Structures are given as C-alpha cells and as structure tokens.
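A.B. asks: Could you have a look at this structure, given as structure tokens, before my questions?
The values are calculated or read from the model by the stated rules, or taken from the named source; none is laboratory data. Keep in mind the model is a prediction, meaning the values are calculated, not measured. Cβ placement follows ideal geometry from the backbone for every residue including glycine, while neighbour counts extend to all protein chains displayed. Protein only, heavy atoms only, side chains kept; ligands, DNA and RNA dropped before computing areas. Shrake-Rupley method; radii C 1.70, N 1.55, O 1.52, S 1.80 Å.
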Amino acid sequence: MEKILGKKQIDDWIAALSEWEILAPSVEDGIWAYRALSGAVRLDHSNTTQPPKGLSFPQREVFFSFEQIKGEPPRLTQKMPTATRRAVFGVRPCDGAGAVRMDMVFSDHVADPYYQTRRKNLAYVGLACNKPQGSNCFCLSVGGSPVATEGMDVLMTDLGDRYYVSAVTETGKALMAAAAKLFAAPTSVDKKLVERTHADAVAQPQRAVKNVDAVPAKLKASFKSPLWEELARACIGCGVCTFLCPTCHCFDINDESTGASPVKGNRVRTWDNCQFPDFTMHTSGHNPRESLGSRLRQRVSHKFQYFQENFGMPQCTGCGRCISECSVGIDIITTVNKVTEHAG
Amino acid sequence: MINIQDMRDTARDLLTKNEVRAVIGYRRSSSGMNAEPVVITTPEQADELVWDPTCFHNLSLYLVEDRKFLAHTRNNPGRPIAIVAKGCDARAIVVLMQEHYFKREEVYIIGMSCEGSGVLVERKLAANGIQATNASFDGDDYVFTTAQGEKRLPAREIMADRCLECRIPYPREHNVVLGEDKTGRELAEPFAALKRFEERDAGERWIFWERQFDRCIRCFACRSVCPMCYCEECVVDSISFPVNAQTTAEEKANRVRWIERSAVRSENITYHLTRAMHLAGRCIDCNECERVCPVNIPLRLLNNKMEREAREQFGYEPGASIGAPALVASFLDNDPEKFIR
Amino acid sequence: MPDNIYLPELARVVHIKEEVAGERSIKTFRIEPVNGEAFAHECGQCAMLSIFGRGEMMISIASSPLIKEYKQFSIMRVGRVSAAFHELQVGDVIGIRGPYGNSFPVDDWRGKNLFFIGGGCGLAPIWPVITTAVAQRDYFKKITVFYGGRSPRDIMYRAELEKLRGDVDLQLSVDKTEDGWNGYCGFVPANVMDKAPSADNAIAITCGPPIMIKFVIQNLHQLGFADEHIFTTIENKMKCGLGKCGRCNVGKDYVCTKGPVYSWAQLKGLPEEY
C-alpha cells in the first residue's frame, strides 16, 4: 500500500492512532531520543543518540521477584512486561535493520518472552534518509540502504511538502487504515519523484567497509594479527560503542536484593558488553579476553564474521554511532578495512 | 604561535637519539575533524603528529596505562616515555606523581601552551552550523576547513568552558615547552559556569540532577577516560574487582556489591557522587569525563564544586607541585575542626 | 522448553556429601524437583542453578540420564554462588533451569573401547558418561578410567569409583603421594603414557585442568588417536544458557548451546578464547 500524506496531516494521523502509544524523536538536554510524544511531531532529527533498541530490549528488565523465608521454599513472581502497543515514528533505516538482527538473536534457538512481548507490540514508522545523516554513515557498504524497508512497518519518504508513505507489513497497513481518509493515492508525479529521491539517496557518497563479502574469511585469517592491539591502543575500554549500537545484545543477569530477612529481591537483566574487562572473566580469575586488542577483535569479528556465519548477514547496519561517539577515534570502518587489507 | 613542525621535530629528535621509548601525542583521526591519541615509537611517525583545537584528550591516561602494562609484564624499560601535554594535562601528570604513580624521570613532558585559547566543544561548533574536516589555531580564532571553504570563528565563542575559565593555560611542569605563557589572560571568571548554576535554588538543582542522572547509561566512559580513576579495584563497580589465582573463595563470596548494575537513579547517583568525592583535590579540570559522556551529563559542575571547596576551604590547588602532599594526605595547623589536632 | 526460559523450577536438596575438604572444597548435591518431574537430560549437559538473592551459575549435571528421580551436581567452592551452595542444608530449596548445551554422542560409541581421562573436579562432567556406559556395559568393549587428584584426599567419588572395578579398568593417580596410597604417583598425562592404551577402535574422553588437557591431548596424538576420536568439554562464563547473553561466545559458537562437548577436531577450528 503506497499513499501520499501532506506534511501538515501527520499530526492528524497520529491523533487517529488512539490505540497506540506514540513515540517520536525529541531533543532534551542536547540529546535526541525516541520519547513519548507531547505536542506536534517533529521529524527533523538526523539520528538519535541511541537506537530504538531499548524499547524492545530495555537496559534493565526485571525477570521475576523472589521472596524466601528461611527454611521455606522461595516464592517467585514473574514480571512479564505489559503489552502496550507502541508506534515509533522517525526510525532510520539503519535502526530498522538493527531491529531485524535483534529479532534474530532473541528468537533463535528459543524465544525470549520478555523481548517478544515488547517487540510484537512495537511498530516502526520509518523515515528514509534522503541524504546521509552524518559523516560516518556507511549503510550501503554493509548490505543496507538509506531507503531500506527492512524492519519497518511503514516507511515514509520526505518529498518536500508531503510524505510518500509505504506500508511494509500488515501492522503498517492497519496503522494507515486507522486514518484512511488522510491519505491520498500517489499520482504518477509522486511516484516518479519518490523514485528519483530514492535513487539520489542511494547515490550520495558514504564512507564504506570495503568488499564486505570477503571480510569474514579475512577476519578469520587475521585472528592472530598484531594489528588488533595496535588498533586498540587508544581504546579506553568503556561501553559507548556497544551501548549505542543498534545490534549489540549482550547482557548480564544479577539478583538485586531489596531485603535480607526474609530474602527479597529481583532477578534483573541489564545490558552488558564485550568491551568491559570483566565480561568474560571466569570465577577463577582466568580471562579469555584480557587485552583491549582481543576485545576490539571480538566486537568487530562478532559483527562481521561470527554473525555472518550464523545468520548470513553482517551484524552491523552502518549507523556510525560507534565511530562518531568514540572519544578516542576507534573507527570500525578503518579497523575492518585495515585488518582485511593486511590479510591480503 | 606554536609551529606544529617544532613539536614534530622535538618528538623525532627524542626518538632518533633514543632518549625516550615512545611519544604519546595526537594525530588526525580517520573519521572526521578530530584528533585522536597515538603512541609513536619511530622517528618517521613524528610527521603524523598534530596540534589543533581538537586535541581535547588528556593523554596522561596513557601514562597510567603504560605503568599498568609495565607492572603486568614486570618490565623495566630504563628510558622515559614522552608525552604531549597541555597545561591541564601537565597538572594531571603532577597529581599522578604526587600520588607516586610514577617518578619524574620516567616521563618526558613536551609541554604545549594553549596560548590565547584552548580546545573547542563539538556541540558548540555544531550549533554554529559548521561541519568541518579540519580545525586549526590562528591567534584568537579557530579556522575550519569545510565543504564551503574556510570558515573562521573567534575561539572564545566555541571554546570549552573549562578553557575559558582556565587560570593557568600553560604546562609549568615540562622538559621542553612550546608556545608563550599566557597565564593571566582573562576570558572568563574561574568557576563562572558553576556560579551560574548555583543561582538556582536547591529544589530546582535537585530536579535538574535527577534528570541528568536518570539519563546515565553506565557505559563508564567518564571513569574509563579519567587518569585519576586508576584504581585496580573500583568501589563503585565490585563486579570488575581483580581476581587472580591468590584470591580466595572467601574474598570472592563475600564481595559487597555497593552499587547494582541497573542504570537506575539510586545507583547512578551513588556512582557519580562517589566518583566526584574521590576526585576532590585531584581533578585538574581536564573535563574529559563530560566530553566523552554520550548522554551529555554535565559532570564538570560536580567536579568543579569539589575543586572550589578544596581551594576555598584549604587553599589547595591540585597539580601545583610534585613535592606538595595530596589534599587528603595533608592538614592545616589552623584547621577549625578539632579532630585533626 | 518452558514458556519463560529465565524462570527457574524449584528443587529441593535431598542429599549433600563432602567430596573434598579444604580451601578448594567440593560438595556433591542431589536435588529433586519440588513439583512434578525433573527435566530429562543427556550426558554432558549443564543446568543453571540459583540461590535466590545470590544469583545463578552454570554447572554440569554429574548424574547419569538413566537416573530419573534426582540430579547430582558436584560444586567447588570458588565464588559468590558456589559459596552459598556450600552453606545449604538438606531440605533447602533452590532454583534450577535447563538442561543446556550439547552432549557426548554416547550412542555412537557402542562397540568401541572407551578411555576416560579426568583430573580434579573434571571428573564431574564425564561422570554421567562413565556411569551410563557401565550401566549399559554390554554395549561397549573395554572401559578404562584414568583419574588423578592432587593428593588422595582430592580424589572425588572415591567410593563410587572403587565400585566400578571389575566393570572398568580403574587407574587412579595422585600428584603427591601419601601413606596408604597404592595407586600411581605423578601427573595424569604421564600415567596415560605409561599404560599406553591402543587407539584402535577407541574413543578418548578427557576433562580436567587446561594444562592437563593440553598434555593429555599431545599424548593421545602420540598414541595414534585421531582428532575426531578425542572429546573434551570447555567452559566459559555464562549468564543465560540460551545463546543470547553473549558471554560464552567463542568464534561463531556460544559454548552454552553449541558446547560444552567438543571433539578435538571441532575445537581446533575455534579461537582459543576459553
């Protein structure tokens, strides 16, 4: 389903989605994020600091609470998230692609009920990038596109005074059907314009990971390369690159106590990441990835080799956040390109 | 004005004569306008070095990393390591020496005067609508290379608050120094930003801080980038305490978790306030913690508050002299509190 | 799999035995489900055990799948959760979820000679295989168990091992001998070399400290064992057990789902990050 929506009508459309909680980009304290919409929607963001990943995979998720009186069996109370339907406006194609990869992880092998409950009630109303949103965009070189519909329920393209709105999924169609009379059928002029806009978007120069298909084999061959330590020399070992990544999914599970007698508390999942030194540390003190270089290698290899081997696509969507937000210039594009060039 | 070539020549000369084993400096990053830290070990690499308004990083962090590495490998390199240091960075190096992290002769300081300016703030630059591929100093201006050609802005318009307020934009502790000493330049009152913040009432300030800390994602970039956060074991993060073959099951089992991993208000506040307390009298206002924060938490307000307390209550200036005792290791004879005597 | 993969079942501790005393003490726990039946498992699989308020840990199931009424776990006191386990009394209730991971392909080994080579607490993960093979004795040819500990007091499952004599060729060893010890004195790999078992129609299964495994495998190669016929288990820090939390990731594998059991042929293809 392809329609035209006047830019001034977008708020009317949102008003018609009364069964949905609406999230849209907004800026607070200099930080762009998807927040509950208050007032008119604005879609003049470049991209948000964090991807919408946290909406289906929050940084903190309580699995269940427990209470145990000494000598008695514990009582466990499951804390499944409530099934609120949420529509997120303005999601960029790299983050739509990120959601697809997150979906794979949290449904592969066995389904994660917390993730699934949140995700199946989440709709992405994407916004195509008519031009790159930042100097470190590289979606085209990792199998993505600034106009991709991957992971979206709806994709909107900015045509100046109006949006070209395409439904991608049944949910997307339902979202549009909720305000059917606001949408007009596209004219042949609209269709030509959207085609040209998309073609222009894809033709915009971007940075690039070179020959991504050859990367997995080259990374495999470079596992023992001294380049890893050299490239990680300035790394400070923080969690910025992973916590801002649309596809990083690693987590920790801990019991957080709220009382000692009786024992009371919550079993909680929190984000974790492979760049923290203790991530892989065994109880014995042995750490299989002790050095910064081995941890950079893990982040890069997981995205460009291991995930490719397991799911047939790179686990990087080219959003560029890990590059732009790294305080010491660690650059995943340069890293991949240097290591693979070195591998010959 | 500093000629970049002088810095490169100094580094090249030190490496050629084998006087140092490496030079920690700045080079152009692969991803845009900014400089990035680099450690060079051969004279040929000296030409990679840059000096411009994006040399934000307090490189003394890498002196700490270097010491940790040497301790780990039980290596005694014999020769010092050289470091490019601004005024603030040199004060950080002095604090580390006050705390006996390394000795003076183990470090060769290539001091860089900030002269009339300091480093820029990317967000201030973006607010001016400038997307640059290169930045350079030119007297009281910064000059940018953009797609639309060269752009020039008065430095003070986009300079970091900490540089505007800097009292000593000159590395007094150095082996060699480049640029003029412009100490005494008055771009802004010291603690001016803090003073502006303190004009709000307490209730308003608390609401402000709640909102700031609620945003924290606990990526620990602020701690990771701080040269003063060198503890092997961090009190705010008992999950990453060091374990080795000698650590007993008892120690591991009885570990207290002072702060939970959940990025929630109570834990975030405890984390940030504990860190601020531990930086009292040590923080030299390089403000790297605030710069690297991906969610814009204004950590400088906290650290500045502690710095001003130390100065006003005890006349203490961190990083002023290697021989001076650390703030928490010193006392005044005329201290108004009785417990000290 | 249950609907909520993270929600443990409750299980009661019905028996506790101290295997090894001292600083690195080991206790063996038998647990039974509080409600209903225990999940079925295969040799080599693991389970996530909980003490609520302390946390979870992944432990290999040390009892044979043929035993349905209880599951057995041998736990060394090394950290936060294991120390809490050592405080448990019979009757206490804990949490358990699983089973996780792959298993030893025991059924494929019928008609073969089996060589088990274990060291220290590395006997626990291969114990289900040993006891299952003995319970199905007719399916296998010669069964040999090499097992060593630091001292006679560090030998796990001592009484149970002795009961195996007759069904298996039992070769016990200690690093440091004491009065009354009449087994071998010296490292396990050396003991294997002394007895030089034939690689003909044989499978070798080894588990123990990494340094022991390294030398055992070198020696097995010398004896002519092919990489495909040598099996071991690896461990990494784990939190979910479900291939999602990312902690045990080694190459493209998550040890919790693709491991812990590997043939040496498979393991050679993985980065050494365990």
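A.B. asks: At 1.002 mPa s and 20 °C, plugging the Kirkwood radius over alpha-carbon pairs of region A:1-99 into Stokes-Einstein gives what diffusion coefficient in µm²/s?
C.D. replies: Numbers: Rh = 16.4 Å.
Here the translational diffusion coefficient equals 130 µm²/s.
A.B. asks: How shielded is B:31-39 by partner chains, expressed as the average number of their Cβ atoms within 10 Å of its Cβ atoms? Write out the running numbers ahead of the final one.
C.D. replies: Numbers: counts 14, 8, 1, 5, 2, 7, 7, 4, 3.
Counting Cβ atoms of other protein chains within 10 Å of each residue's Cβ and averaging gives 6.
A.B. asks: List every residue whose amide H lies under 5 Å from the amide H of A:ARG162, counting only residues 5 or more places away in sequence or on a different chain, with H placed 1.01 Å from N in the peptide plane.
C.D. replies: A:LYS7
A.B. asks: Kindly report the accessible area of chain A per residue (heavy atoms of protein chains, probe 1.4 Å, no ligands, DNA or RNA), in Å². Show your work: numbers first, answer last.
C.D. replies: Details: 13440 Å² over 344 residues.
Heavy-atom accessible area per residue stands at 39 Å².
A.B. asks: Give the Rg/Rh ratio for region B:1-187, taking Rg as the radius of gyration of the Cα atoms and Rh as the Kirkwood radius, to two decimals. Walk me through the intermediate numbers first.
C.D. replies: Working: Rg = 16.7 Å, Rh = 17.1 Å.
Rounded to two decimals, Rg/Rh equals 0.98.
A.B. asks: Shifting gears a bit: When we measure straight from the Cα of B:LYS17, which lysines land under 25 angstrom away, once same-chain ones fewer than 8 places off are left out?
C.D. replies: The qualifying lysines are B:LYS86, B:LYS103.
A.B. asks: While we're on this one: 5 Å is the cut-off here: which amide hydrogens, built 1.01 Å from N in the peptide plane, fall below it relative to B:ASP138, excluding neighbours closer than 5 in sequence?
C.D. replies: It is B:VAL143, by chain and number.
A.B. asks: Two decimals is fine: what is log10 I(q)/I(0) at q = 0.11, 0.14, 0.21 Å⁻¹ for region C:106-233, from a Debye sum with one equal scatterer on every Cα and no solvent?
C.D. replies: -0.33, -0.54, -1.28
A.B. asks: Express as a percent, rounded to the nearest 5, the fraction of DSSP beta bridges in chain C (both residues included) that run antiparallel.
C.D. replies: Details: 33 of 57 bridges.
So the antiparallel bridges in chain C amount to around 60 percent.
A.B. asks: Quick one: plug the Kirkwood hydrodynamic radius of region C:18-119 (C-alpha pairs) into Stokes-Einstein at 4 °C, 1.567 mPa s, and report D in µm²/s. Walk me through the intermediate numbers first.
C.D. replies: On the way: Rh = 14.9 Å.
Stokes-Einstein gives a translational diffusion coefficient of 87 µm²/s.
A.B. asks: What full-extension length gain, to one decimal in nm, is calculated for B:ALA329 and B:ARG311 as 0.36 nm per residue of separation minus the Cα-Cα distance? Before the final figure, lay out the partial values.
C.D. replies: Working: separation 18, 0.36 × 18 = 6.48 nm, distance 1.51 nm.
Residue separation times 0.36 nm, minus the Cα-Cα distance, leaves 5.0 nm.
A.B. asks: Using a Gaussian network for chain C with springs between C-alpha atoms less than 10 Å apart, which of these wobbles most: C:GLY119, C:GLY148, C:GLY224?
C.D. replies: Among C:GLY119, C:GLY148, C:GLY224, the largest mean-square fluctuation in the Gaussian network model of chain C belongs to C:GLY224.
A.B. asks: Distance between the C-alpha centers of region C:182-222 and region A:158-179? Whole Å please.
C.D. replies: 67 Å
A.B. asks: List the aspartates and glutamates whose Cα lies under 18 Å from the Cα of A:LYS210, skipping any in the same chain that are fewer than 8 positions away.
C.D. replies: In chain and number order, the partners are A:ASP331, A:GLU341.
A.B. asks: Further, regarding this structure: Report which residues of region A:99-131 become buried by 40 Å² or more of accessible surface when going from the isolated chain to the complete set of protein chains (1.4 Å probe; DNA, RNA and ligands ignored).
C.D. replies: A:HIS109, A:VAL110, A:PRO113
A.B. asks: Counting DSSP beta bridges in the protein assembly as shown, what percent are antiparallel, to the nearest 5?
C.D. replies: On the way: 90 of 135 bridges.
Among the beta bridges of the protein assembly as shown, antiparallel pairing accounts for roughly 65 percent.
A.B. asks: Give the ranking of B:MET1, B:MET7 by solvent-accessible surface, highest area first, calculated with a 1.4 Å probe. Display every interim value, and only then the final one.
C.D. replies: Values: B:MET1 135, B:MET7 5 Å².
These residues rank, largest area first, as B:MET1, B:MET7.
A.B. asks: Given the -39500 (n - 2.57) contribution per DSSP H run of 4+ residues, what per-residue ellipticity at 222 nm results for chain B, rounded to the nearest 500 deg cm²/dmol? Numbers along the way, then the final one.
C.D. replies: Values: 13 runs with 118 residues, N = 341.
The helix contribution divided over chain B gives -10000 deg cm²/dmol.
A.B. asks: Before I look further, what does region B:189-341 give for accessible area per residue, probe 1.4 Å, in whole square angstrom? Let's see the in-between values first.
C.D. replies: Details: 7650 Å² over 153 residues.
Computed with neighbouring chains in place, this is 50 Å² per residue.
A.B. asks: How would B:MET33, C:MET193 line up by accessible area, probe 1.4 Å, largest first?
C.D. replies: On the way: B:MET33 20, C:MET193 60 Å².
From most accessible down to least: C:MET193, B:MET33.
A.B. asks: Here is a further query. May I ask for the distance between the Cα centers of region A:85-104 and region B:3-82, given as a whole number of Å?
C.D. replies: Between the Cα centres of region A:85-104 and region B:3-82 lies a distance of 42 Å.
A.B. asks: Could you pull the Rg and Dmax for chain B, using just the Cα atoms, both in Å?
C.D. replies: For chain B, the Cα radius of gyration and maximum Cα-Cα distance read 20.9, 66 Å.
A.B. asks: Now for a separate question. Under the rule a/c < 1.5 gives rounded, and otherwise a/b versus b/c splits prolate from oblate, where does chain C land using the Cα gyration tensor? Each step should come with its number before you reach the end.
C.D. replies: Values: a/c = 1.60, a/b = 1.32, b/c = 1.21.
Taking the square roots of the gyration eigenvalues as a ≥ b ≥ c, chain C is prolate.
A.B. asks: Measure off, as a whole percent, the carbon and sulfur share of the 1.4 Å-probe accessible area of chain A, all protein chains present. Please report the intermediate quantities before stating the final value.
C.D. replies: Working: 6890 of 13440 Å².
About 51 percent, which is the carbon plus sulfur part of the accessible surface.
A.B. asks: If you don't mind, another one. Name the residues of region B:212-231 whose accessible area, probed at 1.4 Å, falls by at least 30 Å² once all protein chains are in place instead of their chain on its own?
C.D. replies: B:ARG215, B:ILE217, B:CYS219, B:SER224
A.B. asks: Compute for chains A and C the buried accessible surface, both sides summed, probe 1.4 Å, and express it in Å² to the nearest 100. Working shown, then result.
C.D. replies: Values: alone 16690 and 13130 Å², together 26290 Å².
So the total buried area for this chain pair works out to about 3500 Å².
A.B. asks: Something else now. Just to confirm my understanding: which cysteines in chain A have no other cysteine beta carbon less than 4.7 Å from their beta carbon?
C.D. replies: Cys with no partner Cβ under 4.7 Å: A:CYS129, A:CYS137, A:CYS139, A:CYS235, A:CYS238, A:CYS250, A:CYS274, A:CYS316, A:CYS326.
A.B. asks: Same structure again: Once you list every other residue whose beta carbon is under 13 Å from the beta carbon of B:PRO171, what net charge do they have if Lys and Arg are +1 and Asp and Glu are -1? Walk me through the intermediate numbers first.
C.D. replies: Values: positive: B:LYS86, B:ARG91, B:ARG172, B:LYS182; negative: B:ASP89, B:GLU115, B:GLU173, B:GLU180, B:ASP181.
That sum, taken over residues with Cβ under 13 Å, equals -1.
A.B. asks: Still on this model: Roughly how large is the C-B contact in terms of buried accessible area, totalled over both chains, probe 1.4 Å, nearest 100 Å²?
C.D. replies: On the way: alone 13130 and 17460 Å², together 29920 Å².
Summing both chains' loss of accessible area gives about 700 Å².
A.B. asks: Rounded to whole Å, give me the distance from the Cα center of region B:130-195 to that of region C:39-64.
C.D. replies: The two parts, judged by their Cα centres, are 60 Å apart.
A.B. asks: Next question. Between chains B and A, what is the buried accessible area in Å², counting both sides, with a 1.4 Å probe and ligands, DNA and RNA left out, to the nearest 100? Walk me through the numbers on the way to the answer.
C.D. replies: On the way: alone 17460 and 16690 Å², together 31040 Å².
In total, chains B and A hide about 3100 Å² from solvent.
A.B. asks: Calculate what fraction, in whole %, of the accessible area of region B:211-341 sits on carbon and sulfur atoms when a 1.4 Å probe is rolled over the protein chains. Intermediate results must be reported in sequence, preceding the final value.
C.D. replies: Working: 3410 of 6160 Å².
Here carbon and sulfur together make up 55 percent of the probe-accessible area.
A.B. asks: Could you sort A:MET281, B:MET112, B:MET277, A:MET1 by accessible area so the largest value comes first, with the probe set to 1.4 Å? Let's see the in-between values first.
C.D. replies: Values: A:MET281 40, B:MET112 0, B:MET277 120, A:MET1 85 Å².
Ranked from most to least accessible, the order is B:MET277, A:MET1, A:MET281, B:MET112.
A.B. asks: Now for a different question. Show which lysines lie in cross-link reach of A:LYS191 when reach means a straight Cα distance below 25 angstrom and same-chain residues fewer than eight apart are skipped.
C.D. replies: The reachable lysines, counting only those whose Cα sits under 25 Å from A:LYS191, are A:LYS3, A:LYS7, A:LYS8, A:LYS131, A:LYS173, A:LYS181.
A.B. asks: Please compute the net charge surrounding C:VAL168, taking Lys and Arg as +1 and Asp and Glu as -1 over other residues with Cβ under 15 Å from its Cβ. Spell out each step's value before the answer.
C.D. replies: Numbers: positive: C:LYS112, C:ARG137, C:LYS141, C:LYS142, C:ARG158, C:LYS163, C:ARG165, C:LYS195; negative: C:ASP138, C:GLU160, C:GLU162, C:ASP167, C:ASP169.
In short, +3.
A.B. asks: At a temperature of 4 °C and a viscosity of 1.567 mPa s, determine how fast chain A diffuses translationally according to Stokes-Einstein, using the Kirkwood radius over alpha-carbon pairs as Rh; express D in µm²/s, rounded to the nearest whole number.
C.D. replies: 59 µm²/s
A.B. asks: Turning to a different aspect of this structure: What trypsin sites (Lys or Arg not before Pro) does region B:75-157 have in DSSP loop regions with at most 16 other beta carbons within 10 Å?
C.D. replies: Working: sites: B:LYS86, B:ARG91, B:LYS103, B:ARG104, B:ARG123, B:LYS124, B:LYS151, B:ARG152, B:ARG156; in loops: B:LYS86, B:LYS103.
Of the trypsin sites (Lys or Arg not before Pro), the ones in loops of region B:75-157 whose Cβ has at most 16 other Cβ atoms within 10 Å are B:LYS103.
A.B. asks: Let me ask another. Provide, for q = 0.08, 0.09, 0.17 Å⁻¹, the log10 of I(q)/I(0) from a solvent-free Debye sum over equal Cα point scatterers in region B:189-341.
C.D. replies: -0.29, -0.36, -1.12
A.B. asks: State the percentage of accessible surface on chain C attributable to carbon and sulfur atoms; use a 1.4 Å probe and exclude ligands, DNA and RNA. Intermediate values should be presented prior to the final figure.
C.D. replies: Details: 5390 of 11020 Å².
Its accessible area is 49 percent carbon and sulfur atoms.
A.B. asks: Give me the residues in region B:244-281 whose solvent-accessible area, probe 1.4 Å, is reduced by at least 50 Å² once all protein chains are included instead of the chain isolated.
C.D. replies: So the qualifying set is B:ALA249, B:LYS252, B:ALA253, B:ARG257, B:GLU260, B:ARG261, B:SER262.
A.B. asks: For the protein assembly as shown, what ratio Rg/Rh do Cα atoms give with a Kirkwood hydrodynamic radius? If you can, show how the numbers build up before the last one.
C.D. replies: On the way: Rg = 30.9 Å, Rh = 31.1 Å.
Dividing the radius of gyration by the Kirkwood radius yields 0.99.
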